[in-house]
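Undergrad: Can you keep this structure in mind? I'll have questions shortly.
The values are calculated or read from the model by the stated rules, or taken from the named source; none is laboratory data. What you are looking at is a predicted structure, and each value in this text was computed from that prediction instead of being measured. Here the Cβ positions follow ideal geometry from the backbone for every residue, glycine too, while neighbour counts run over all protein chains shown. Calculation scope for accessible area: heavy atoms of the full protein, side chains included, ligands and nucleic acids excluded. Shrake-Rupley method; radii C 1.70, N 1.55, O 1.52, S 1.80 Å.
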Amino acid sequence: MTDTMQTSTDVTTAAVASIALKRKVVTAIPGPASQALHARRAKVVSTGVATTLPIYIDRAHGSILVDVDGNQILDFGAGIGVTTVGHTADRVVAAAQRQLADLTHTLFTITPYPEYVQVAELLAQHTPGAWEKHSVLVNSGAEAVENGVKIARKFTGRRAVAVLDHAYHGRTNLTMAMNFRAHPYATGFGPLAGDVYHVPNSYPYRDGLSGAEAATRTIDYLEKIVGVADLACLVIEPIQGECGFIVPADGYLPTLQQWCTDTGVVMIADEIQSGIARTGRYFASEHFNWEPDLVLTAKAIAGGLPLAAVTGRAEIMDAAQSGGLGGTFGGNPVACAAAVAVFDTIAADNLLAEADRIGARLTAGLRDLASRSDIIGEVRGRGAMVAAELVQPGTGATTKEPNAAAVSKLIAHAASHGVLLLSAGTWGNVLRFLPSLVMSNELVDDGLEVLRDGFATL
Ligand SMILES: *Cc1c(COP(=O)(O)O)cnc(C)c1O
């Protein structure tokens, strides 16, 4: 099925369509049915797989999760920025259902199909930069990072990889080595991949540096400690996700890109969390006038189906030899059809503007809270990627001592009132908000009200 623009919305199941889009708490959270499932899980699921909130979800729509006890949870996590177009978004469900029945799998490297090409066309169109771009589709964010590094190494003939302090890039062997936090992501899982160097980032709230000053520090480190001759790529999240939605100072990213261009280093944007309309632009790089050589996407690209990509300058992408890239499930037709529907939805429903609407409302609410609380050190973000960094009382103007305990208490308070909030931050002291872009003003306000009550209990 190639005519994916012709989306029908009548296939949404009756159970999902019947969800009244509001928060509703009908049992203790977790309720008895969730607790029973959690006991079953403990007998068969590895404890290495963590659980933020042990409620088991039966169905979902928009920004509302319905658990097996009938509680309706207001979702500020969106599966960590995956269901950006909303849970069970109509066009995504319709496109995936149609594609599932038409063609589920061939393996693109054996016999191709049109949806893979459509996704590559959309990525070429929407990623920053006016040059010719080629893509490879894979299954997960970490796999996209691995492939980006492979391609950069082949193109440059160099082996070293540089990443920023406070970065997060995944849980595979190479990406474990690329994360700032070894714990919990790599503890006991070594030996890790070599040739990975960690260099200082731009963290205006904590380093007080301008973009130019921070870039000078990063470049100095790259030149003196890593060495350019061996450096294949510099991999950067334009807004650092897991470590606390760290927004770099203006000028930082374009200055590094210029340095990379001058020195023959491939600069790679990890837009896995920040990309696909999340920040009110298709890609967060656009906020910083950054046009990366390669862009990595995953999470939100297919509305909840597993899909990821490396997209970038054709001459770099084509350095890989035929047969060197790919994988059995990479660019699966159902995931690709869903991705095309995601891009359709962003355009048709004007979701870039919706991200700004939600972000402005959330940010205003959080700033209002901050004006009455001395533990909110900074409210920051772009579009609907918003965070509040919490510090110990009275340290906001001085040492900015991280306050993870307050974050835990606020998240627990929110959960018990049917609001799913996530933490982030190297020190666990950041509240992060990744609402779907279909969240109404009423639901944003409802979440803020619960949070306000939470602050009052601290
Ligand atoms: C989630 C994430 C990854 C890893 O993606 P997976 O699909 O979990 O492998 C990599 N980089 C960033 C910035 C992420 O947020």
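Undergrad: If you check every pair at least six apart or on different chains, which have Cβ atoms under 6 Å apart with a residue in segment 124-146 that is open to solvent by 50 Å² or more (accessible area, probe 1.4 Å) first and a residue that is away from the ligand (no atom under 16 Å from the Cβ) second?
TA: So the pair list comes out as TRP131/ARG313; GLU132/ALA314; HIS134/ALA314; HIS134/MET317.
Undergrad: Return a yes/no flag: does segment 78-98 have any residue that is surrounded by fewer than 18 Cβ atoms within 10 Å (Cβ to Cβ) and under 30 Å from SER322 (Cα atoms).
TA: There is no residue in segment 78-98 that is surrounded by fewer than 18 Cβ atoms within 10 Å (Cβ to Cβ) and under 30 Å from SER322 (Cα atoms).
Undergrad: Would you say THR426 is part of a loop (DSSP other than H, G, I, E, B) and open to solvent by less than 20 Å² (accessible area, probe 1.4 Å)?
TA: For THR426, the condition - part of a loop (DSSP other than H, G, I, E, B) and open to solvent by less than 20 Å² (accessible area, probe 1.4 Å) - is not met.
Undergrad: Within segment 192-210, track down each residue that is touching a residue at least 24 places away in the same chain (Cβ under 8 Å), more than 17 Å from LEU234 (Cβ to Cβ) and open to solvent by 70 Å² or more (accessible area, probe 1.4 Å).
TA: Answer for segment 192-210, where residues must be touching a residue at least 24 places away in the same chain (Cβ under 8 Å), more than 17 Å from LEU234 (Cβ to Cβ) and open to solvent by 70 Å² or more (accessible area, probe 1.4 Å): just ARG206.
Undergrad: Now for a separate question. In the set PHE155, PHE180, PHE189, which member is in contact (Cβ under 8 Å) with a residue 12 or more places away in the chain, open to solvent by 70 Å² or more (accessible area, probe 1.4 Å) and in a helix (DSSP H, G or I)?
TA: So the residue among PHE155, PHE180, PHE189 that is in contact (Cβ under 8 Å) with a residue 12 or more places away in the chain, open to solvent by 70 Å² or more (accessible area, probe 1.4 Å) and in a helix (DSSP H, G or I) is PHE155.
Undergrad: Here's another thing I want to ask about it. I'd like the full set of residues that are part of a loop (DSSP other than H, G, I, E, B) and open to solvent by 10 Å² or more (accessible area, probe 1.4 Å), limited to segment 299-317.
TA: GLY304, PRO306
Undergrad: Name the residues in segment 212-256 that are within 22 Å of TYR282 (Cα to Cα), open to solvent by less than 10 Å² (accessible area, probe 1.4 Å), of a type in the set (A, V, I, L, M, F, W, C) and free of Cβ contacts under 8 Å to residues at least 60 places away in the same chain, would you?
TA: LEU253, LEU256 - these are the residues of segment 212-256 that are within 22 Å of TYR282 (Cα to Cα), open to solvent by less than 10 Å² (accessible area, probe 1.4 Å), of a type in the set (A, V, I, L, M, F, W, C) and free of Cβ contacts under 8 Å to residues at least 60 places away in the same chain.
Undergrad: Let me ask something else. Residues in segment 318-332: is at least one charged (D, E, K, R) and surrounded by fewer than 20 Cβ atoms within 10 Å (Cβ to Cβ)? Full working, then the answer.
TA: Start the filter on segment 318-332 by keeping residues that are charged (D, E, K, R), which leaves 318.
Going one step further and asking which of them are surrounded by fewer than 20 Cβ atoms within 10 Å (Cβ to Cβ), we end up with 318.
So far as segment 318-332 goes, yes, one or more of its residues are charged (D, E, K, R) and surrounded by fewer than 20 Cβ atoms within 10 Å (Cβ to Cβ).
Undergrad: Moving on. For segment 382-401, which residues satisfy the criterion of being open to solvent by 40 Å² or more (accessible area, probe 1.4 Å) and of a type in the set (A, V, I, L, M)?
TA: Listed by number, the list holds a single entry, ALA397.
Undergrad: All but one of (1) touching a strand residue (DSSP E or B) at 6+ places or on another chain (Cβ under 9 Å); (2) of a type in the set (A, V, I, L, M); (3) open to solvent by less than 10 Å² (accessible area, probe 1.4 Å) hold for ALA404; which doesn't?
TA: (3)
Undergrad: Let me spell it out: the conditions are (1) of a type in the set (A, V, I, L, M, F, W, C); (2) out of contact with any strand residue (DSSP E or B) (no Cβ under 6 Å at 6 or more places or on another chain); (3) not assigned by TED's automatic domain parsing to the domain that holds LYS299, and VAL340 meets all of them except one. Which number is the exception?
TA: (3)
Undergrad: Kindly provide the set of residues from segment 289-298 that are open to solvent by 10 Å² or more (accessible area, probe 1.4 Å) and either farther than 21 Å from MET317 by Cα or assigned to a strand (DSSP E or B) (or both), ordered by number.
TA: ASN289
Undergrad: Quick one: is ARG361 in contact with a strand residue (DSSP E or B) (Cβ under 7 Å, 6 or more places away or on another chain), open to solvent by 10 Å² or more (accessible area, probe 1.4 Å), part of a helix (DSSP H, G or I) and closer than 16 Å to GLU449 by Cβ?
TA: no
Undergrad: Need pairs with beta-carbon distance below 7 Å; first residue polar (S, T, N, Q) and within segment 341-364, second open to solvent by 40 Å² or more (accessible area, probe 1.4 Å); sequence gap 6+ or separate chains.
TA: THR345/ARG91
Undergrad: Condition test on ALA124, is it among the small types (Gly, Ala, Ser), more than 30 Å from ASN179 (Cβ to Cβ) and more than 16 Å from the ligand (Cβ to nearest atom)?
TA: No, not satisfied.
Undergrad: Keeping to segment 127-178, report how many residues are within 10 Å of the ligand (Cβ to nearest atom) and touching a Pro at 6+ places or on another chain (Cβ under 6 Å).
TA: Residues flagged as within 10 Å of the ligand (Cβ to nearest atom) and touching a Pro at 6+ places or on another chain (Cβ under 6 Å) within segment 127-178 amount to 1.
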